[in-house]
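Note sheet for the following structure.
Each value in this text was obtained by applying a stated rule to the coordinates, not by laboratory testing. As the structure is a prediction and not an experimental result, all values here were calculated from the model. Glycine gets a Cβ as well: all are built from the backbone with ideal geometry, and neighbour counts include every protein chain shown.
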Amino acid sequence: MQEEASPAVRASAVRSIGVLASSDYAQVLERYLSTEAAPAVRRELFAALYRLGDRTQLQSLLSLLHEASSETALSILFTIHFLIAYRPPASLAADAPAIRKAVTDLATRFPVFSLEAQSLLGSLAQLTDSRS
């Protein structure tokens, strides 16, 4: 990715790559992750790599949620909600309990995010119910 692009542009590009690319592209994203410092881009890299089959990256994404401040929590919730809503990975149903716990814990810490958390958990429930 071009370093001159803003972190928001790079994060958006990574999000799109995660949705559109095949798992063969994961190595490129892993190399990019090792050099990227912007939190927004790293967050999207974790999600894209998880979507492309690297289940270990979900824990990295959920750790961000656990460590989130009230200023960063909403953007992390958006990333997770996007992961659920658009081309969810096959492993999502198996990983749903970990996602559910992390989102519930965040809503307990920051009640202001309860509505977004409920919406995300509702989408997750619909997805896991439809795959059962």
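The residues in segment 14-57 that are over 15 Å from TYR86 (Cβ atoms), of a type in the set (Gly, Ala, Ser) and surrounded by fewer than 18 Cβ atoms within 10 Å (Cβ to Cβ) can be counted, and the count is 6.
All of GLU30, GLU36 fail the test of being within 20 Å of ALA68 (Cβ to Cβ) and acidic (Asp, Glu), apart from GLU36.
Taking segment 94-115 as the range and being surrounded by 18 or more Cβ atoms within 10 Å (Cβ to Cβ) and more than 19 Å from ARG51 (Cβ to Cβ) as the test, the residues that pass are LEU106, ALA107, PHE113. Residues in segment 40-75 that are in contact with an Asp or Glu (Cβ under 9 Å, 6 or more places away or on another chain) and among the hydroxyl-bearing types (Ser, Thr, Tyr): TYR50 alone. Out of the residues in segment 13-32 that are closer than 11 Å to ARG42 by Cα and free of Cβ contacts under 8 Å to residues at least 60 places away in the same chain, which is nearest to the chain's Cα centre (by Cα)? Per the criteria, the residue is VAL14. Screening segment 2-101 for helices (runs of 4 or more DSSP H) wholly inside it with 2 or more residues that are closer than 19 Å to GLY122 by Cβ returns the ranges 56-67, 73-85.
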